[in-house]
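Below: the structure, in structure tokens.
The values are calculated or read from the model by the stated rules, or taken from the named source; none is laboratory data. In this text, all values refer to a predicted model and were calculated from it rather than measured experimentally. Using ideal geometry, Cβ is built from the backbone for each residue, glycine included, and neighbour counts are taken over all protein chains shown.
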Amino acid sequence: MGYSVAIDGPAGAGKSTIAKQIAKKMNFIYVDTGAMYRAMALFLIRNKVSADEKEKIEEICKEAKITIEYREGEQVVLLDGENVNGLIRTEEVGNMASASSVNGEVRKKLVALQQELAKSAEVIMDGRDIGTCVLPEANVKVYLTADARVRAKRRFDELTAKGEACDIDKIEADIIERDYRDMHREISPLKQAEDAVLVDTSEMNIEEVVDTIMELIRKDREV
């Protein structure tokens, strides 16, 4: 029987970091939606479809079978039963994923596959519209956010640690602009689901956020 946790929120709120840690601690499958889009891109490349062939993409994407499993503690992305982990991180696949992910039919197909996965396994998924569109019936929904300046500072620290020169004010301006874009896009805009629990991480560290969400899951399972 499936069990699902949906984590939504703006860019830089730490959704993936938190979701991966919870998945590890609770033995859930972390559904890496980005990796699924990359597997779809690989499928299109193998079928010799180019990024600008909109109708062809819409037709052929329906045939792809993509899922995620855990094997020996590692997340494995399967395309038609084949482990494609080592093949989906190339530049070519990344470019195709970026071009094909805006296609409505590709999105529809992958959302259906993600919903299928949630019916049969214990999953945790993060994104912009998981609780509102992808998993509207999720057992636990969280809207993870933080002040734009806090998110900018986290990104600034991350880049500085890698030795990259950056400007915190520019990062903050980019984050605010991206929030606006995400919240006002036509398809599946970013918004807090009515039944989602708001978790503001501005004053919290990663462990505190993980503990807070795990407590929500525990309480839900006790009911």
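Side notes on the structure shown:
- Considered as a group, the residues in the range 102-121 that are in contact with a Gly (Cβ under 7 Å, 6 or more places away or on another chain) and crowded, with 17+ Cβ neighbours inside 10 Å include one that is nearest to V197 (Cα to Cα), and that residue is A118.
- For the range 88-97, filtering for residues that are surrounded by 13 or more Cβ atoms within 10 Å (Cβ to Cβ) and within 12 Å of M36 (Cα to Cα) leaves 4.
- Considering only residues in the range 1-32 that are surrounded by fewer than 19 Cβ atoms within 10 Å (Cβ to Cβ) and among the polar types (S, T, N, Q), the one that is farthest from V150 (Cα to Cα) turns out to be N27.
- Selected residue (only one of G94, G86 is small (G, A, S), in a helix (DSSP H, G or I) and modelled with pLDDT of 90 or more): G86
- Flag if V150 is within 19 Å of the chain's Cα centre (by Cα) and β-branched (V, I, T): no
- Scan of the range 202-223 for residues that are β-branched (V, I, T), at pLDDT 95 or above and out of contact with any Lys or Arg (no Cβ under 9 Å at 6 or more places or on another chain), ordered by number: V209, T212, I213, I217
- Top-ranked residue in the range 165-182 [being without any contact (Cβ under 8 Å) to a residue 12 or more places away in the chain and of a type in the set (A, V, I, L, M, F, W, C); ranked as nearest to N103 (Cα to Cα)]: A173
- Residues located in the range 3-23, provided they are modelled with pLDDT under 90 and closer than 24 Å to L79 by Cα: S16
- Total residues in the range 160-201 satisfying the condition of being touching a Ser or Thr at 6+ places or on another chain (Cβ under 8 Å) and either at positive phi or modelled with pLDDT under 90 (or both): the figure is 1.
- Single residue of the range 111-128 satisfying the filter (within 22 Å of A13 (Cβ to Cβ) and touching a residue at least 40 places away in the same chain (Cβ under 8 Å)) that is farthest from the chain's Cα centre (by Cα): A118
- Those residues of the range 55-74 which are modelled with pLDDT of 85 or more and outside any helix (DSSP H, G or I), in sequence order: A64, K65, I66, T67, I68, E69
- Those residues of the range 195-223 which are without any contact (Cβ under 8 Å) to a residue 24 or more places away in the chain, touching a helix residue (DSSP H, G or I) at 6+ places or on another chain (Cβ under 9 Å) and either surrounded by 12 or more Cβ atoms within 10 Å (Cβ to Cβ) or assigned to a loop (DSSP other than H, G, I, E, B) (or both), in sequence order: E203, M204
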